[in-house]
Each structure stands twice: as structure tokens, then as C-alpha cells.
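Have a look at the structure below before the remarks.
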Amino acid sequence: MQYLETVIDEHTISEEKLNEYFPRGYDILPPNTYYTVEYVPAKFIEHEHHVFKYAGKHGEGIRVADAPEKLLPNSILTPSLAAGIFNAKYLNAVPLSRLGEDFARIDMNISRQTLANWMISISDRYLEYIYRRMHEEMLKSKLIHCDETPFKLVVPEKGPNSKAYMWVYHTMEVYGSHPIFIYDYQDGRSSDMPRNFLKDYKGVLVTDRVLGGADTWATSTTIAGAIRNLEYDLIITGRQAIDGDTAQVGPQIAEHLQLPVISYAQDIKVDGDKVVVERLYDDRYHVVEAQMPCLVTALAELNEPRYMTPGGIFDACKAEITTWGRADLKDVEDCNLGLAGSPTKIAKASDKVRKGAGEKVTPDSPEDAVSYIVGKLKEKHVI
């Protein structure tokens, strides 16, 4: 109980009684110790400030004593009172109307409207700077998670049970760093909301004529050379491209950077400086854990992306994109780039082999059907 103020209450016997009990003297033994907790209800303390003024007797002017500056102009609000209101509202989820009723019970009459105005004014005057700094630091993060949650509220012009959205953005906790959480209130869930919030979040496009015609080896060499310019903890790639369909680029990038790699991820969780991945197989999945930095190749099962909107397409066309070329690649030799650096030679191309027809079984009895199914499940290591 480190936050408790401890008061030591000593329970003794008077000297007169001790002499009566022990006429030939006594020793004081270690006391019996036990604990109780007292609850002191909240209270308000009104401070009446008398700011003294002094005037010189011979025209030297007037001097006014220093006094604490008010938190808000013409307001009785103090830092401790503001902290109590914010704590009750956001930590304990107490509505301002109920908080005003609680205050009234101890003879402090503050209306719900006044409490709301105080919170708005404090946020605009003081907390806006903290929000801006958190936003700036968030945009420096390597990975930002985002999701929106609908909730109902009362809007005079829209009526009761109007729907709004709370967009939540947060960074990862990596190597003991403290994650940043920002709650962004919006009245909709269109793509404009995160686009405006993340408008200064930048990426890099690697493009150069000499990099064209690359196979998996030259492609992975190019991407690894670009990544060496960045600080990273977790690199996420797709499983494979739809043209070559080899699923080699991701693992090759990891090999170039000498990183551990986990492929075929259907779920990814970050736990401190580790990543925990569900690696999918045909009939099961394995849970694999790796120390960061590492690389993970992702499956379509990892997430369901939203289809782009026409407005989003136009905005993407107008966006400023940082472009890197051959000169920006680090620790890469020309003999491993582009068509000239691609060792793969295609001898023949054919359509993807299709799966054959399934097996149709007609058991003689329900027992035979059960035995057959159980046997197949064991064969596939499902049970």
C-alpha cells in the first residue's frame, strides 16, 4: 500500500498503572502490530487570496505582491479540482451530471455545463500541446495500429441515439518503450478520417531503370539494400507475388539481412521485444515465437482489407512520395541487381497445376463411416 499515508497509533498503559501492575519494575517488549484503513471523504477547501498592494509615500508607484496565476480566467478552478474532474470522467466513467450531484451533497454547487466548459477550456488551453506532441511522436513510429468503434450519443440537432465513431490509434511497445494511444472522435468512418490523421505518415518507393527485369534474387537484394537505410524491428511482407508465384522474396530478404523469418502468418501479435505468429499449414497451424528484429511473410487470412474509395484513389495520386534509386541502396553490388544480376532463366512456363477430384466414399454402415473419418483425421494429424 505504497500510496497510503501511514499514521502510527501507539496504545500504551499509563505509568501509574504499570507501577501498580509491576511494583518491582518492568521491561517493554516488542508491540503487537495490526493494520486498519480509515476512509476520509473528499472535501473542498476554499482559498481566499488576499493580494497585498504597496504604494510609495513619495510617488515611487505601486507594487503588487506575486500570487498564483489562475488556471482559467475568472474561474475558481484549480489544478487539483481539474484533475479530480478528469479522473472521475475518464478513469471512473462518471457522467458530469452525476459528478455535479456528488459535489452538491457536500455543499459545492457546480453545474454540469460549468464542468463541461472547464474540461473543454483546459483541453484547448493546456492539453492540446500534449496531444500535438503525441501525434508527432506517433507518426515517427514504424507501425501504427488503427481501428474505429461506433458509439451512441445525444446530439441536439440529430436527436438521441445518434451514431458517432471513436478512432483509436496506437503504436507498438518495443524494447520497453511506452506505447502511445490517441482517441480521435469523428462523426463517420470513411477513409478520410485515418487519411487526415495519418497524412504526414511517409513511406518510400524504390524505383530505378537499372533495377528492372529482376528475379527473386535481384528483387530481394534491392529491397534489403533499401531496408538497411532504416531502423526496423518487424518487417512484414506478402507471401508471394502473383506473377512469379515463388514465395522466395520474403525469406531471401531475411537471409540478406541475417534475420530470423517466419512464413505463412495468419495472425501476428507483438509481445515486448518478441513476435508471436500463427503459422498456417494445410490442415493445422503452429504458434511460433521469435525475437525481434525479424521478418514475417503474411497470408490473406491475416487481415481483410477494405476496398479503396474513388476519393482515396485521387488523393493517393496527389500524395508526395519519397523515391529512392540505385544510389540509395546500401551494401549492394551492381552484379546482383536488375536483369543482369538475375540468375534465374525461365525454360518453360505453364498453367498452375489444378487439384484433382475429391474421393467419394460409400461406407456400409455408420460405424464404418466414423472409422473412415477418424482415420483420415489421424492421417492429417488433426487428432
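The values are calculated or read from the model by the stated rules, or taken from the named source; none is laboratory data. A quick note: this is a predicted structure, and the numbers were derived from the prediction, not measured. Ideal geometry is used to build each Cβ from the backbone, glycine not excepted, and the neighbour counts take in all protein chains shown.
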Some residue of region 101-118 being basic (Lys, Arg) and touching a Leu at 6+ places or on another chain (Cβ under 6 Å): yes
Failed item in (1) free of Cβ contacts under 8 Å to residues at least 24 places away in the same chain; (2) not in a strand (DSSP E or B), with ASN161 passing the rest: (2)
When residues of region 279-317 are limited to those that are touching a Phe, Trp or Tyr at 6+ places or on another chain (Cβ under 9 Å) and over 29 Å from LYS380 (Cα atoms), the one surrounded by the most Cβ atoms within 10 Å (Cβ to Cβ): MET292
Residue match in region 130-150 (condition: of a type in the set (Asp, Glu), within 28 Å of GLY272 (Cβ to Cβ) and modelled with pLDDT of 85 or more): yes
Filter pass, SER14 being surrounded by 10 or more Cβ atoms within 10 Å (Cβ to Cβ) and at pLDDT 90 or above: no
Residue in region 195-204 that is of a type outside the set (S, T, N, Q), modelled with pLDDT of 80 or more and within 13 Å of the chain's Cα centre (by Cα) present: no
Within region 184-213, tally of residues that are part of a strand (DSSP E or B) and either surrounded by 12 or more Cβ atoms within 10 Å (Cβ to Cβ) or touching a Lys or Arg at 6+ places or on another chain (Cβ under 6 Å) (or both): 4
Selection from region 45-80 of residues that are closer than 28 Å to ALA116 by Cβ and either part of a helix (DSSP H, G or I) or in contact with a strand residue (DSSP E or B) (Cβ under 8 Å, 6 or more places away or on another chain) (or both): PRO79, SER80
Residue within region 166-176 that is modelled with pLDDT of 85 or more, among the hydrophobic types (A, V, I, L, M, F, W, C), more than 30 Å from PRO293 (Cβ to Cβ) and in a strand (DSSP E or B) present: yes
Positions within region 259-277 being without any contact (Cβ under 8 Å) to a residue 12 or more places away in the chain and within 10 Å of PRO293 (Cα to Cα), in sequence order: none
